[in-house]
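Here the structure is laid out as structure tokens; the discussion comes afterwards.
The values are calculated or read from the model by the stated rules, or taken from the named source; none is laboratory data. Predicted model only: the values in this text are computed from it and were never measured. Cβ coordinates were reconstructed from backbone atoms using ideal geometry, including for glycine residues, and neighbour counts include every protein chain displayed.
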Amino acid sequence: MITPGKRSQPPEPKEGEFEHRPEPLKVQLEYLRNQLAKHPDQPTPDLYRALQELIDWALWRIDRLLIREQIRYQRWHIVRWFIRQYIAQHGKERGSRKYAYNEAAKVLTGPYAGAPGTMKDDFLFEELAPSADPRSVRYRETLERRAREADKKRARLRPGR
């Protein structure tokens, strides 16, 4: 459920699009390797598709420099994944974020690594950032305009000026 004032989640990647695709984790790569070891002669269609997507992603990613937004997106994606996992296991939301921040800090490596506090900051930044949705942009602009008008009115009414 999307509450008013918050942006919707970043879009799921479309076929052949890699901009909003999270990078694979070491755990996921080990899982694929183990699945491939079970089926060395003929991989299953799901395994074959997963390996093909991984290769396509690697070809796209190999020459690109990481930018801050990509690092923040990867951290947000992993924290969100751990929150969903916690809720599925325990059936409650309380404590899910703290668990997710700690697990993401353990799992992420390389340029994505960071402390649980960093995971929290990046997750909240992505969750609470305004969207490019025209309705939320108009709403934000209306609030900003009203705030400017109120500031002007207060300045006019201030005694001593």
Tabulated pairs, the stretch 106-124, first without any contact (Cβ under 8 Å) to a residue 12 or more places away in the chain and more than 14 Å from Arg80 (Cβ to Cβ), second surrounded by 13 or more Cβ atoms within 10 Å (Cβ to Cβ) and not acidic (Asp, Glu), C-beta under 8 angstrom, 6+ apart or interchain = Ala113/Ala105; Ala115/Ala105
note = Restricting attention to the stretch 47-98, the residues that are among the charged types (D, E, K, R) and in a loop (DSSP other than H, G, I, E, B) number exactly 5
inquiry  = Take His90 and tell me if it is surrounded by 11 or more Cβ atoms within 10 Å (Cβ to Cβ) and over 18 Å from Glu126 (Cβ atoms).
reply    = yes
key: Residue in the stretch 104-114 that is in the same structural domain as Leu32 (by TED's automatic domain parsing) and either among the basic types (Lys, Arg) or assigned to a loop (DSSP other than H, G, I, E, B) (or both) present   = no
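Residues are listed down the side, and each one gets a yes or a no for (1) in contact with a Phe, Trp or Tyr (Cβ under 7 Å, 6 or more places away or on another chain); (2) at pLDDT 70 or above; (3) farther than 19 Å from Met119 by Cβ; (4) of a type in the set (Ser, Thr, Tyr):
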position	(1), (2), (3), (4)
Pro24	no, yes, no, no
Gln28	no, yes, no, no
Arg49	no, yes, yes, no
Asp56	no, yes, yes, no
Leu59	no, yes, yes, no
Leu66	no, yes, no, no
Glu69	no, yes, no, no
Arg72	yes, yes, no, no
task = Scan the stretch 109-156 for residues that are exposed (fewer than 10 other Cβ atoms within 10 Å of the Cβ), modelled with pLDDT under 85 and hydrophobic (A, V, I, L, M, F, W, C) and jot them down.
result = Ala132
